[in-house]
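Just so it is clear, none of the values below were taken in a lab; they were calculated from the coordinates. These numbers were taken from a predicted model, which means no experiment stands behind them.
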Amino acid sequence: MGRYDTGGHLHYVGRTTALAAAAADHPWTGWSFSAGWGSRQTLNVTLVEPELVVEVGVDVARDAYGRWRHPARWYRARPDLTPVDVPTFTPS
């Protein structure tokens, strides 16, 4: 999952289940991410364009950068919102 900061840069903020269809020329192309807090395993990343806002449930556990440590639970799509409507990400 990603959120924009006040400068318009997209930040990784947490993980979800597998997604389909990678996007070309994505800003995170070639990046890798940790599979979880305290893990050395890396995630297989599927890059997508940030076009859909969804409502998720997360617990309060965050890492030193403000990212959620545990997978988010899907609640519902929010077609009434765009990515710029989501509050900006402020790293810890």
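Tabulated data for the structure shown
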read-out	value
Linear extension gain, Gln41 paired with Tyr65, 0.36 nm per residue minus alpha-carbon span	6.8 nm
Hz values of 3J(HN,Hα) by residue in the stretch 2-11 - Karplus curve (6.51, -1.76, 1.60), Gly and Pro given as x	x, 9, 7, 8, 5, x, x, 8, 7, 10
Karplus (6.51, -1.76, 1.60) ³J(HN,Hα), θ = phi - 60°, over the stretch 71-80, in Hz, Gly and Pro reported as x	x, 7, 9, 5, 10, 6, 6, 10, x, 7
Placed amide H near Arg15: partners under 5 Å, 5+ positions off or other chain	Ala72
Nonlocal amide H pairs with Tyr4, under 5 Å, H built at 1.01 Å	His11, Phe89
Val54 long-range amide H proximity, modeled H, under 5 Å	Arg78
